[in-house]
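Report on one structure; see the data block that follows.
The values are calculated or read from the model by the stated rules, or taken from the named source; none is laboratory data. No experiment lies behind these values; they were computed from the predicted model shown. In this analysis, Cβ positions are derived from the backbone assuming ideal geometry, glycine residues included, and neighbour counts consider all displayed protein chains.
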Amino acid sequence: MIELENVSKIFQDGTVAVQDVSFQVEEGELCVLLGPSGCGKTTTMKMINRLVSISKGRILVNGMDIYDFQDTELRRQIGYAIQEVGLFPHMTVGENIEVVPELRGWAKNKRRDRAAMLLEMVKLPPEFIDRYPKELSGGQRQRIGVARALGADPEVLLMDEPFGAIDPITRVDLQNEFLKIQQDIRKTIVFVTHDIYEAIKMGDKIALMNRGELVQFDTPFNILFQPSDSFVSSFVGRDRALKGLQLIKGKEVMREVELSIGASETVEELKGRLSPDQIRDELPVVGKDGKFLGFIDLNKAQGGKVQDHLTHTEAASNMDIVLDEALSVMLSGERNVLALLDHESRLQGLLAFSDIQRALSEADQWRDSL
Amino acid sequence: MSRKVVILTFLAVLLAITVWVTGKGKIGVYTTFSWEQIMVCSWQHLKMVVVAVVIGTLIGVPLGVLVTRPGFTGLTIPVIGGANIGQTIPSLAVIAIMAPILGFGFQSAIVALVIYGLLPIVRNSYTSIKNIDPAIIEAAKGMGMSRGQIARRIELPLARPVIMTGIRVSTVISVGTAELAVLVGGAGLGKITLTGVFARETLIILQGAAPTAAMAIILGYILETVEDWMTPRGVKIER
């Protein structure tokens, strides 16, 4: 747990960079420090590992005042990842990841095992352990940066725009993978970004800052739909309902499958069995084990078995998909229905474009009623 | 590989010139220098260069590194500027100024060579540290390395090859400048070259100049090898 109590930073020239900021990051939570450039978010983060000294107030990490430690001792217990990554070019990937474990005096083989494990965690092949940073792509380096921050398995992690310097597609991949990792490792994280989308996606909590002050500390949902003042609402922007789509998962708004069709049935048999209003153009087809196979258009299908008429076999997604991603899948595939599946590809529900619209308007109404 | 061939060809040509001129024995009214004299002069020359570069390194590296340290950055401009001035003054003038101040002899020659060769060492030592990506230092600090650990594990290995380049450049410059040392009572191959100049005998000039050039090439090549050996593997990779 990280606690900031009335923390201020006043630089020697009198500039107040951070003023009277207090908030808590609970254990296992990811807190995003968000705000325009120069708002004091990075300074606030750097005070936690004492890269910047505190002028007033105090910070506790796991109940201990950070000034009870030597600064190097403190930093070795807090993972640190930055936008520019800052990998050491003369060290191999493995040596880079092993830096903090080595500083903390871990034995050689324990360090090596840890490095190999972390490489696997960030989805890089094991032979990368002996490569040099210059041999890697930007995205791969960012992954190593995250792995290195987790090197000595710290409970607390500070991340300063860790996915900032890479192309948007790789960034989305890294964000998703990191969220998955975080579900397992449950670190207490302070994550700095200026990107509202990233903040909504990554944060359990968002601390929104402006001009050195904490403007609102809240869940992403409340930041979007219950902004505390006009700065917050203008910062999150007019299309906040769209951003809100990132907060809702497909399984929360999907509709139940009224009618699913077995693949081995013949089309004529099926048509005979169904009432006329059930004969539609988009009915989901499942195998014997409940796995989704595709859709069938009963208005067009004639003769043969159901499995001979499968269409749109790719119009499916995991039910954990967030609505804005579901929307982009629909738009890119020109589909208005997606099949939502569980981890074993079994059909769990259907998500139609109208379901997303409904979720959007509900969020909007909810906001208007405030 | 082709670079090696070029260097070896050059050396062979220079050696051939020296052998040819020395073998002639007499040119007009003048006697050529003997092998023994050439050897003595080369040895003196080498000694001056090595002593000057060692002193230059002992002064220049700490000085160049010092002005990158917090608290000493105010000295950057005077130090780099001072070293710059040392090199802007023509080498002949630097050497000439030393004679009245320190008297004629080896020590004046050394002081002049040090002053003249200091700039590449100071400047490279300074930039070797300055050019390290600040993100690397920030990461090292944020991960809990102490100042000493950052200096030893990060800055030194990354700065080493650049500092070595400075020492190499300084050495090659000093081999040339040391030709003039004879003017202030030093010794070296300049004695042969200048004799040739005063006698207006091109071949005798060559008898001093060819071994000097050979020495510059050999020392440069040796130091380049050292430099390569000092460069960490991960830094050498080109992508």
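From the residues in region A:114-170 that are among the β-branched types (V, I, T) and within 14 Å of another protein chain (Cβ to nearest Cβ), which one is nearest to A:I48 (Cα to Cα)?
The selected residue is A:V156.
When you scan region A:85-125, how many residues do you find that are touching a residue at least 24 places away in the same chain (Cβ under 8 Å) and part of a helix (DSSP H, G or I)?
Of the residues in region A:85-125, 13 are touching a residue at least 24 places away in the same chain (Cβ under 8 Å) and part of a helix (DSSP H, G or I).
Hey, among the residues in region B:188-235 that are part of a helix (DSSP H, G or I) and among the basic types (K, R), which one's farthest from the other protein chains (Cβ to nearest Cβ)?
Selected residue: B:K191.
Tell me whether region A:70-81 contains one or more residues that are facing another protein chain (nearest Cβ under 7 Å), in a loop (DSSP other than H, G, I, E, B) and within 26 Å of the chain's Cα centre (by Cα).
No, the conditions are met nowhere in region A:70-81.
When you look at A:H343, is it surrounded by 15 or more Cβ atoms within 10 Å (Cβ to Cβ) and either of a type in the set (D, E) or within 30 Å of A:Q246 (Cβ to Cβ) (or both), yes or no?
Against the criterion (surrounded by 15 or more Cβ atoms within 10 Å (Cβ to Cβ) and either of a type in the set (D, E) or within 30 Å of A:Q246 (Cβ to Cβ) (or both)), A:H343 does not qualify.
Taking interchain pairs and intrachain pairs at least six residues apart, which have beta carbon atoms under 8 angstrom, with the first residue in region A:219-238 and surrounded by 17 or more Cβ atoms within 10 Å (Cβ to Cβ) and the second basic (K, R) and at pLDDT below 80?
If the second residue must be basic (K, R) and at pLDDT below 80, the pairs left are A:L224/A:R240; A:L224/A:K243; A:F225/A:R240; A:F225/A:R367; A:S233/A:R240; A:V236/A:K243.
List the residue pairs whose Cβ atoms are under 6 Å apart, where the first residue sits in region A:46-57 and is within 13 Å of chain B (Cβ to nearest Cβ) and of a type outside the set (S, T, N, Q), the second is buried (at least 17 other Cβ atoms within 10 Å of the Cβ) and part of a loop (DSSP other than H, G, I, E, B), and the two are 6 or more positions apart or on different chains.
Matching pairs, first to second residue: A:K46/A:V52; A:M47/A:I54.
Which condition number in (1) surrounded by fewer than 19 Cβ atoms within 10 Å (Cβ to Cβ); (2) among the small types (G, A, S); (3) at pLDDT 95 or above is the one that A:A115 fails?
Answer for A:A115: the failing condition is (1).
For residues in region B:186-221 being within 21 Å of the chain's Cα centre (by Cα) and hydroxyl-bearing (S, T, Y), which is surrounded by the fewest Cβ atoms within 10 Å (Cβ to Cβ)?
Once the filter is applied, the top-ranked residue is B:Y221.
Which one of B:A139, B:A159, B:A151, B:A181 is in a helix (DSSP H, G or I), surrounded by fewer than 21 Cβ atoms within 10 Å (Cβ to Cβ) and hydrophobic (A, V, I, L, M, F, W, C)? Outline the logic, then answer.
On the way: B:A139 fails: surrounded by fewer than 21 Cβ atoms within 10 Å (Cβ to Cβ); B:A159 fails: surrounded by fewer than 21 Cβ atoms within 10 Å (Cβ to Cβ); B:A181 fails: surrounded by fewer than 21 Cβ atoms within 10 Å (Cβ to Cβ).
It is B:A151.
Out of (1) surrounded by fewer than 18 Cβ atoms within 10 Å (Cβ to Cβ); (2) under 13 Å from the mean Cα position of the chain (by Cα); (3) not in a helix (DSSP H, G or I), the odd one out for A:A165 is which?
That leaves (2) as the condition not met.
From the set of residues in region A:82-97 that are of a type in the set (A, V, I, L, M, F, W, C) and more than 8 Å from chain B (Cβ to nearest Cβ), which is farthest from A:V190 (Cα to Cα)?
Step one: of region A:82-97, the residues of a type in the set (A, V, I, L, M, F, W, C) are A:82, A:85, A:87-88, A:91, A:93, A:97.
Subset that is more than 8 Å from chain B (Cβ to nearest Cβ): A:93, A:97.
Details: A:V93: 25, A:I97: 20 Å.
Looking at residues that are of a type in the set (A, V, I, L, M, F, W, C) and more than 8 Å from chain B (Cβ to nearest Cβ), I get A:V93.
Only one of A:D239, A:D281 is in the same structural domain as A:D20 (by TED's automatic domain parsing), of a type in the set (D, E) and more than 30 Å from A:K9 (Cα to Cα). Can you tell me which? Write out each step before concluding.
Values: A:D281 fails: in the same structural domain as A:D20 (by TED's automatic domain parsing).
When all the criteria are applied, what remains is A:D239.
If you go through region B:161-204, how many residues are touching a residue at least 60 places away in the same chain (Cβ under 8 Å) and among the basic types (K, R)?
So the answer is 1.
Would you be able to tell me the number of residues in region A:11-23 that are under 16 Å from A:C39 (Cβ atoms) and free of Cβ contacts under 8 Å to residues at least 60 places away in the same chain?
2
Checking B:L15 against (1) under 30 Å from B:I150 (Cβ atoms); (2) assigned to a helix (DSSP H, G or I); (3) not aromatic (F, W, Y): exactly one of these is not met. Which one?
Of (1) under 30 Å from B:I150 (Cβ atoms); (2) assigned to a helix (DSSP H, G or I); (3) not aromatic (F, W, Y), only one is false for B:L15: (1).
Conditions tested, residue by residue: (1) assigned to a helix (DSSP H, G or I); (2) touching a residue at least 24 places away in the same chain (Cβ under 8 Å); (3) touching a helix residue (DSSP H, G or I) at 6+ places or on another chain (Cβ under 9 Å); (4) closer than 17 Å to A:E282 by Cβ.
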residue	(1), (2), (3), (4)
A:A301	no, yes, yes, yes
A:T313	no, no, no, yes
A:D320	no, yes, yes, no
A:R335	no, no, yes, yes
A:S354	yes, no, no, yes
A:L360	yes, yes, yes, no
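Could you say whether any residue in region B:120-135 is away from every other protein chain (no Cβ under 14 Å), touching a Gly at 6+ places or on another chain (Cβ under 6 Å) and not in a helix (DSSP H, G or I)?
No.
Out of region A:259-278, which residues are assigned to a helix (DSSP H, G or I) and either closer than 11 Å to A:G304 by Cβ or of a type outside the set (G, A, S) (or both)?
Here is the first cut: in region A:259-278, the residues assigned to a helix (DSSP H, G or I) are A:267-273, A:276-278.
If the condition is that a residue be assigned to a helix (DSSP H, G or I) and either closer than 11 Å to A:G304 by Cβ or of a type outside the set (G, A, S) (or both), then A:V267, A:E268, A:E269, A:L270, A:K271, A:R273, A:P276, A:D277, A:Q278 are the ones that fit.
Based on this model, can you work out whether A:L351 counts as within 19 Å of A:L259 (Cα to Cα) and in contact with a Phe, Trp or Tyr (Cβ under 9 Å, 6 or more places away or on another chain)?
No; evaluated as a whole, the condition is false for this residue.
What number of residues within region A:6-35 satisfy the criterion of being in contact with a strand residue (DSSP E or B) (Cβ under 7 Å, 6 or more places away or on another chain) and either part of a loop (DSSP other than H, G, I, E, B) or not assigned by TED's automatic domain parsing to the domain that holds A:G237 (or both)?
5
When you look at B:V114, is it crowded, with 18+ Cβ neighbours inside 10 Å and touching a residue at least 24 places away in the same chain (Cβ under 8 Å), yes or no?
Here the answer is yes, as B:V114 does meet what is asked.
Here is a check on your reading of the model: is B:L158 more than 14 Å from every other protein chain (Cβ to nearest Cβ) and in contact with a Ser or Thr (Cβ under 8 Å, 6 or more places away or on another chain)?
For B:L158, the condition - more than 14 Å from every other protein chain (Cβ to nearest Cβ) and in contact with a Ser or Thr (Cβ under 8 Å, 6 or more places away or on another chain) - is not met.
Please name all residue pairs, on different chains or six or more residues apart, with Cβ atoms under 9 Å, provided the first residue is in region A:126-152 and is under 26 Å from A:R75 (Cα atoms) and the second residue is hydroxyl-bearing (S, T, Y) and assigned to a helix (DSSP H, G or I).
Within 9 Å, the pairs are A:G138/A:T170; A:G139/A:T170; A:Q142/A:T170.
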